[in-house]
Amino acid sequence: MSIQAAILPGGRLHLNHGPIDLVIGAEGDRQAAFAAARARFDGLLEELVAELPRLRAPLDGSPFAGPVARRMAAAVRPHAGFVTPMAAVAGAVADEILAAMRAG
């Protein structure tokens, strides 16, 4: 399965890969921001899948390899007794793509 990318009406970028579906807007140099988003999106699902068993389990204190997985763990750490890192997947993916867009 490969990444699907399309510009939507209104100039937003739609990125899809498996269960990850993003609709992204940008101001300023939209083309550069969208290129950065697409570049970072490529491989992101595979990074998460590589750590999926641990992301679905309660935190055990050992570090995660990928930056998105680390963001997910950090987000749920205060609530680790109630949720797994998967509770933070959407926000962590969004934060990672935004960081890539801003870094350009």
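To the nearest 20 debye, what is the magnitude of the charge dipole of the chain about its Cα centre, counting +1 on the Cβ of each Lys and Arg and -1 on the Cβ of each Asp and Glu?
140
Check each of the chymotrypsin sites (Phe, Trp or Tyr not before Pro) in region 9-104 and keep only those in coil by DSSP with at most 13 other C-beta atoms within 10 angstrom; list them in order.
The qualifying sites are Phe82.
Would you calculate a helix-derived [θ] at 222 nm for the chain, using -39,500 (n - 2.57) for each DSSP H run of n ≥ 4 and dividing by the full residue count, to the nearest 500?
Rounded to the nearest 500, it is -13500 deg cm²/dmol.
Just name one of Ala100, Gly61, Ala6: the one whose Cα is farthest towards the positive end of the charge dipole of the chain (beta-carbon charges, Lys/Arg +1, Asp/Glu -1).
After comparing all options, I get Gly61.
Have a look at the chain and give its Rg and Dmax from the Cα atoms, expressed in angstrom.
14.6, 44
Using DSSP to call loops (not H, G, I, E or B), can you name the trypsin sites (Lys or Arg not before Pro) in region 26-104 whose Cβ has at most 14 other Cβ atoms within 10 angstrom?
Within region 26-104, the qualifying trypsin sites (Lys or Arg not before Pro) (loop, at most 14 other Cβ atoms within 10 Å) are Arg56.
Which of Met86, Met72 comes first, and how do the rest follow, when ranked by fewest Cβ neighbours within 10 Å?
Ranking Met86, Met72 by Cβ neighbours within 10 Å, fewest first, gives Met86, Met72.
Every read-out reported here was derived from the displayed coordinates using simple, explicitly stated rules and does not represent laboratory data. Keep in mind that what you see is a predicted model, and the values were worked out from it rather than measured. Every residue, glycine as well, gets a Cβ built from its backbone with ideal geometry; the counts of neighbours run over all protein chains shown.
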